[in-house]
1. Roughly speaking, what % of Cα-Cα pairs in the stretch 1-101 are separated by over 17 Å, rounded to a whole number?
2. Counting other Cβ atoms within 10 Å of each Cβ, which trypsin sites (Lys or Arg not before Pro) in the stretch 1-110 have at most 14 and sit in a DSSP loop?
3. Which value at 222 nm does the chain reach when only helices count, each DSSP H run of 4 or more adding -39,500 (n - 2.57), with the total divided by all residues and rounded to the nearest 500 deg cm²/dmol?
4. Where the convex hull is taken over the Cα atoms of the stretch 87-135, what is its projected area averaged over directions, in nm²?
5. Could you pull out every one of the lysines with an alpha carbon less than 24 Å from that of residue 206, ignoring same-chain neighbours closer than 8 positions?
6. For the stretch 50-123, state which GluC sites (Glu not before Pro) are in a DSSP loop and have at most 12 other beta carbons lying within 10 Å of their beta carbon.
7. Provide the descending list of Cα extents for the stretch 161-208 along its principal axes, expressed in whole angstroms.
8. Dividing the convex hull volume of the alpha carbon atoms of the chain by its residue count, what do you get in Å³ per residue?
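A short reminder: the numbers here are calculations on the coordinates, not readings from a lab. From a predicted model like this one, the values you see are computed outputs, not experimental measurements. Note: ideal-geometry Cβ built from the backbone for every residue, glycine included; neighbour counts use all protein chains shown.
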Amino acid sequence: MTAQTADPVDADRALKAKHRAMWALGNYPAVATELISELGPVLVEAAGIATGDRVLDVAAGPGNTAIPAALAGARVVASDLTPELFERGRQDAAERGVELEWVEADAESLPFPDDDFDAVLSSVGVMFAPHHQATADELVRVCRPGGTIGLINWTPEGFIGRLFATMKPYAPPPPPGSQPPPLWGNEDHVRTLLGARVTDVAAERKTVRIDHFPEPDGFREYFKANYGPTIATYRFVADEPDRVAELDRALDDLVRSHDLGGGVIEWEYLLLTARKRA
Ligand SMILES: C[S@@+](CC[C@H](N)C(=O)[O-])C[C@H]1O[C@@H](n2cnc3c(N)ncnc32)[C@H](O)[C@@H]1O
């Protein structure tokens, strides 16, 4: 380790730069718009977003939740570590006739004052920030007393949770102190993170139906081309053809084990809403 990365601030900056580069790989906006676009409207409805609300979408990517919130009449800030993803979001927002503010921001250190938003939302987003408590503290801090925190996160047991578990032996080792993303899909974990600062917690497991990949290798090739974490995992073992072939088989087996028939898979997520104590 160099003297530079031994400094915790520099080390965190380097880690976040790596995460940003990973999410900019491939074509995440394709995944968001072609596969899971229904998640945003689900979260906006569950959080009760109304005309005039000031809403923050954290780890918004191309605006899967932010844009539906704006269409519901809210004044929306879409924030993300990876501003490369905003370009597609800006285009989509313009096509759908809404204006949003797009702000580059780390979920663990949001550049907004305390109590700034009526609602703070994140759809399969904040789960990817490595330090869960720091992230939860920021979500609560920027929400006004009485305001809503609304989250959608992949569950550890669901398809995407299992995808991360399957890729883990082939992926770069996680940095010290980081926690696994799908833990955010565990209701008890999120309740503990938010703690006594919130009330009226409502949690429900739901699924999004994916029927885009009739053959198992269809899913594998799509994710290898478009999804940053999968691309980064394959790059890590690229020099070991046996490991690449093993990972190919592991992903195909994962798909087969979840196939409900004809390639249909339901990806499970946790939908959780809570109110910040007044
Ligand atoms: C799976 S995508 C979800 C994007 C969007 N919310 C959606 O519903 O499609 C995960 C997002 O988390 C963002 N992200 C990862 N780490 C982050 C961090 N520390 N702070 C803010 N955003 C982060 C990535 O840049 C990426 O846009």
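1. In whole percent, the long-distance tail amounts to 55.
2. Of the trypsin sites (Lys or Arg not before Pro), the ones in loops of the stretch 1-110 whose Cβ has at most 14 other Cβ atoms within 10 Å are 96.
3. Helices in the chain give a 222 nm mean residue ellipticity of -12500 deg cm²/dmol.
4. Average of the hull's projected areas for the stretch 87-135 equals 4.4 nm².
5. 276
6. Of the GluC sites (Glu not before Pro), the ones in loops of the stretch 50-123 whose Cβ has at most 12 other Cβ atoms within 10 Å are 99.
7. If we take the Cα atoms of the stretch 161-208, the spans are 40, 30, 12 Å.
8. Residue-normalised Cα hull volume stands at 124 Å³.
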